[in-house]
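One structure is given below, encoded as structure tokens.
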There are 2 protein chains.
Amino acid sequence: MLNVNSYFDDKVKSIAFQGQELATTVGVMDIGEFTFGTSQFETMTVIDGELDVKLPGTENWQRFTNGEQFEVAANTSFDVKVIRQTAYHCTYA
Amino acid sequence: MLNVNSYFDDKVKSIAFQGQELATTVGVMDIGEFTFGTSQFETMTVIDGELDVKLPGTENWQRFTNGEQFEVAANTSFDVKVIRQTAYHCTYA
């Protein structure tokens, strides 16, 4: 069974699956600005798209595009500006 | 608006989006065997997982894993055996 989750009025949707080692999702973010909360350590990789990300404890926005990834600690939040519709891969540990 | 599609009794789900150049989906295939029909030229990339694929006009199964891709012509079909739950990226041209 594959669970689909929707966030931010359906502007972000993801499909959960079991990766080789970790619980994983792939999803798509529509154009917009979002603040994601984390409950676990997350490693997010841009599959196809373009994001500006402000990581916890930083003041600068960093651009991430195809194949680039960033990590976020558990129990914090990070801000994302989606430049074009973006597919992402995220593992939870 | 992000459209989610389900196939094969919900064993394959995908989210459609507009890629930089082409209509694109990301999705997840559950473990199983599926025959996909194509209406357009498709380029499928394994994001995270493991597939055995029998392409049109071939008799051999080929293994595809993370980062590997294959192309399928329009108006044909291809067979997939999903070894573990697999996230994929697909463009349509």
Listed by range, strands (runs of 3 or more DSSP E) wholly within chain A having at least 1 residues that are in contact with a Leu (Cβ under 7 Å, 6 or more places away or on another chain), closer than 24 Å to B:Gln20 by Cα and at the interface with chain B (Cβ under 9 Å from one of its Cβ atoms) are A:12-18, A:23-29, A:77-92
Checked A:Gln40, A:Gln85 against criteria (farther than 16 Å from B:Tyr88 by Cα and surrounded by 20 or more Cβ atoms within 10 Å (Cβ to Cβ)); the one match is A:Gln85
If we keep only residues of segment B:19-34 that are among the small types (Gly, Ala, Ser) and within 16 Å of A:Ala87 (Cα to Cα), then the residue farthest from the chain's Cα centre (by Cα) is B:Gly19
The condition of being of a type outside the set (A, V, I, L, M), on the phi < 0 side of the Ramachandran plot and either touching a residue at least 60 places away in the same chain (Cβ under 8 Å) or exposed (fewer than 12 other Cβ atoms within 10 Å of the Cβ) (or both) holds, among B:Gly19, B:Gly67, only for B:Gly19
Pairs returned, first residue in segment B:29-55 that is without any contact (Cβ under 8 Å) to a residue 40 or more places away in the chain, second residue that is among the acidic types (Asp, Glu) and part of a strand (DSSP E or B), beta-carbon separation under 6 angstrom, 6 or more apart or interchain, are B:Lys54/B:Asp79
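Taken together, the values in this text are just the output of simple stated rules run on the coordinates, not laboratory data. Worth saying up front: this structure is predicted, and the values here are computed from it rather than measured. A quick note on method: Cβ atoms are made from the backbone with ideal geometry, for glycine too, and the neighbour counts reach across all protein chains shown.
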